[in-house]
Amino acid sequence: MERIVLAYSGGLDTSVAIPWLAERFGAEVITATLDLGQGKELDEIRERALRAGARRAHVLDVREEFGRDYILPALQAGAVYEGRYPLATALGRPLIAKKLVEIAEIEDATAIAHGCTGKGNDQVRIDVSSRALNPKIKVIAPARLWGMTRPDEIEYAKARSIRVPVTAQNPYSTDSNLWGRSIECGVLEDPWTEPPEDVFTLTKSPKTCPDTPAYVEVEFERGVPLKVNGVALSFVELVDSLSTIAGSHGVGRIDMVENRLVGIKSREIYEAPAAVVLHAAHKELETFVIPKDLERVKRELSLKYADLVYNGLWFTPLREALDAFVAKTQDRVTGVVRLKLFKGSCTVVGRRSPFALYEHALATYDTGDLFDHTAAEGFIKIWGLPVETAARKRVTPLGQSREKTGV
Ligand code: ARG
């Protein structure tokens, strides 16, 4: 008998998918549920899968692997899609695909299945990733094939006496993991409508946040965050604890219209308190310790990296090559960044590093200035302009006289 390994969340869609796959393909269904830090109790999920007809139900805690092999490289690469989305959902998909393929290989299954719809990015990410890992394994997406509406699904489940999960119908489509939470659909589809408070679960409304700011000091060693406020933590603990503190100060809410890889624009809400803090801190430290030309190139590659993660191209030679480049840039990224969290904002207020390229004696305008002021004449020569021409080309800032600005 054919075997199919289904990514099982415990929700209505994937619960219905168990008997549907068994009936449609005459197959044995084995479920896999992964703990990526979504904060849900997974104990009861195994029972639920078996009750719905799964032959076996695997539940795996993959938080550490997710942190170490997916989130951390993306953090070091500065991967933030279209300048705002830290890619929580997108980073989780290749790992889900990897685990499904591994379990399929162990179970001698010929196919894997997932609950993604035909309209989003997630289906592409899982399909492409699993194809890259094992092209022999087929990928089935029941929700792309069955054409059932939600009431149809409930009917289908009842007819097979499968207990429908009793959660009140959530008007939003959400996805959570250690790195953040994605929320879409419902009223959010109107790009003019402000997200109602009830979409947020990880972040407090700035209105109800404490009136005094919190300060966090994040300590990095070679690009890896190791301590928060002097306390050494595992990466998973560190992300968790930053998420709690930043979320309680309203940090990490993102409201954007993004370009999906399937060719449409969509309005998305994200909550990513830890990701916002860590990206801000990491970027700041990098700027402090790496040379300007390297920083420029790295910034360009960050865009590439983010697109690649978003587009499901994790298991590619390009990602591996970019990782090697990024790893080299992290040699000097050691030091501490101090951030202030206050009513929704996250601001860097201090940085220090044994590898700082910042030199007070060169930067200061006070006594002790060691910068050679005549060097500027050299710059003008490098640009190929005689000094007088350069002076004539100086522009007066709008609304200000030359005398006032001293230009
Ligand atoms: N638009 C985001 C992305 O493509 C979030 C997807 C959310 N997924 C979900 N099943 N609700 O990464």
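Out of everything in the range 106-133 that is of a type in the set (Gly, Ala, Ser), touching a strand residue (DSSP E or B) at 6+ places or on another chain (Cβ under 8 Å) and more than 10 Å from the ligand (Cβ to nearest atom), what residue ends up being farthest from His58 (Cα to Cα)?
First, the residues of the range 106-133 that are of a type in the set (Gly, Ala, Ser): 109, 111, 113, 115, 118, 120, 129-130, 132.
Narrowing further to those that are touching a strand residue (DSSP E or B) at 6+ places or on another chain (Cβ under 8 Å): 109, 111, 113, 115, 130.
Adding the requirement that they be more than 10 Å from the ligand (Cβ to nearest atom) leaves 109, 111, 113, 130.
Details: Ala109: 14, Ala111: 16, Ala113: 14, Ser130: 18 Å.
Going through the qualifying residues, I end up with Ser130.
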query: Are there any pairs, at least 6 apart or on different chains, whose C-beta atoms fall under 8 Å, with the first in the range 170-196 and aliphatic (A, V, I, L, M) and part of a helix (DSSP H, G or I) and the second surrounded by fewer than 16 Cβ atoms within 10 Å (Cβ to Cβ) and modelled with pLDDT of 95 or more, and if so, which?
result: Val187/Thr193; Val187/Pro196
query: Restricted to the range 151-187, and to residues that are modelled with pLDDT under 95 and more than 26 Å from Arg51 (Cβ to Cβ), which residue is nearest to the ligand (Cβ to nearest atom)?
result: Glu184
- request: Given the conditions (1) in a loop (DSSP other than H, G, I, E, B); (2) surrounded by fewer than 18 Cβ atoms within 10 Å (Cβ to Cβ), report the number of the one that Leu202 does not fulfil.
  value: (2)
- prompt: Taking into account only those residues within the range 117-126 that are surrounded by fewer than 24 Cβ atoms within 10 Å (Cβ to Cβ) and in contact (Cβ under 8 Å) with a residue 60 or more places away in the chain, which is nearest to the chain's Cα centre (by Cα)?
  reply: Asn121
message: Take Ala109 and tell me if it is under 18 Å from Ser182 (Cβ atoms), in contact with an Asp or Glu (Cβ under 9 Å, 6 or more places away or on another chain) and at pLDDT 95 or above.
response: no
query: Of the conditions (1) over 21 Å from the mean Cα position of the chain (by Cα); (2) over 30 Å from Val224 (Cα atoms), Leu133 fails just one. Which one is it?
result: (2)
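Taking the range 287-307, which residues are touching a residue at least 60 places away in the same chain (Cβ under 8 Å) and either under 25 Å from Phe355 (Cβ atoms) or of a type in the set (A, V, I, L, M) (or both)? Walk me through it before giving the result.
Initial filter on the range 287-307 (touching a residue at least 60 places away in the same chain (Cβ under 8 Å)): 288-291, 298-299, 301-302, 305-307.
Residues satisfying the conditions are Phe288, Val289, Ile290, Pro291, Lys298, Arg299, Leu301, Ser302, Tyr305, Ala306.
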query: Only one residue in Arg46, Arg131, Arg68 is part of a helix (DSSP H, G or I), of a type in the set (Lys, Arg) and free of Cβ contacts under 8 Å to residues at least 12 places away in the same chain. Which one?
result: Arg131
field: Scan of the range 93-116 for residues that are touching a Lys or Arg at 6+ places or on another chain (Cβ under 7 Å), surrounded by fewer than 23 Cβ atoms within 10 Å (Cβ to Cβ) and outside any loop (DSSP other than H, G, I, E, B), ordered by number
entry: Glu107, Ala111
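Which residue, of Leu60, Leu75, is free of Cβ contacts under 8 Å to residues at least 60 places away in the same chain, of a type in the set (A, V, I, L, M, F, W, C) and more than 24 Å from Glu153 (Cα to Cα)? Quick ask: steps written out before the conclusion?
Numbers: Leu75 fails: free of Cβ contacts under 8 Å to residues at least 60 places away in the same chain.
Only one candidate qualifies: Leu60.
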query: Picking from Gly223, Gly252, which residue would you name as being closer than 30 Å to Ser353 by Cβ, within 16 Å of the ligand (Cβ to nearest atom), modelled with pLDDT of 95 or more and surrounded by 13 or more Cβ atoms within 10 Å (Cβ to Cβ)?
result: Gly252
- prompt: With Leu242, Leu313 as the choices, which residue is in a loop (DSSP other than H, G, I, E, B) and either under 16 Å from the mean Cα position of the chain (by Cα) or more than 16 Å from the ligand (Cβ to nearest atom) (or both)?
  reply: Leu313
- request: Search the range 326-352 for residues being within 22 Å of the chain's Cα centre (by Cα) and of a type in the set (Gly, Ala, Ser), and hand back the single one that is surrounded by the most Cβ atoms within 10 Å (Cβ to Cβ).
  value: Gly344
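Sort through Glu217, Glu258 and tell me the only one that's closer than 27 Å to Asp323 by Cβ and either away from the ligand (no atom under 16 Å from the Cβ) or modelled with pLDDT of 95 or more (or both). Break it down stepwise before answering.
Working: Glu217 fails: closer than 27 Å to Asp323 by Cβ.
None of the others qualify; the one that does is Glu258.
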- prompt: Filtering the range 290-324 down to residues that are within 19 Å of Ala90 (Cβ to Cβ) and of a type in the set (D, E, K, R), which residue is surrounded by the most Cβ atoms within 10 Å (Cβ to Cβ)?
  reply: Arg319
query: Under the condition of being β-branched (Val, Ile, Thr) and more than 9 Å from the ligand (Cβ to nearest atom), which residue from the range 75-96 is farthest from the chain's Cα centre (by Cα)?
result: Ile96
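Can you work out which of the residues in the range 261-274 that are in a strand (DSSP E or B) and in contact with a Gly (Cβ under 8 Å, 6 or more places away or on another chain) is nearest to the ligand (Cβ to nearest atom)?
Taking the range 261-274 as the starting set, the residues that turn out to be in a strand (DSSP E or B) are 265-271.
The next check asks that each one be in contact with a Gly (Cβ under 8 Å, 6 or more places away or on another chain); those that pass are 270-271.
Details: Tyr270: 8, Glu271: 12 Å.
Among those residues, the one meeting the criterion is Tyr270.
Among the residues of the range 208-239, what is the count of those that are assigned to a helix (DSSP H, G or I) and touching a Ser or Thr at 6+ places or on another chain (Cβ under 7 Å)? Full working, then the answer.
Applying the first criterion (assigned to a helix (DSSP H, G or I)) to the range 208-239 yields 208, 235-239.
Checking the rest, the ones that are also touching a Ser or Thr at 6+ places or on another chain (Cβ under 7 Å) come to none.
Summing the residues that are assigned to a helix (DSSP H, G or I) and touching a Ser or Thr at 6+ places or on another chain (Cβ under 7 Å) in the range 208-239 gives 0.
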- request: Test Ala90 against the stated conditions and say whether it is modelled with pLDDT of 95 or more, buried (at least 23 other Cβ atoms within 10 Å of the Cβ), of a type in the set (A, V, I, L, M, F, W, C) and in a helix (DSSP H, G or I).
  value: yes
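The values are calculated or read from the model by the stated rules, or taken from the named source; none is laboratory data. Fair warning: this is a prediction, and the values are worked out from it, not measured in the lab. All Cβ positions, glycine included, derive from the backbone under ideal geometry; neighbour counts span all protein chains shown.
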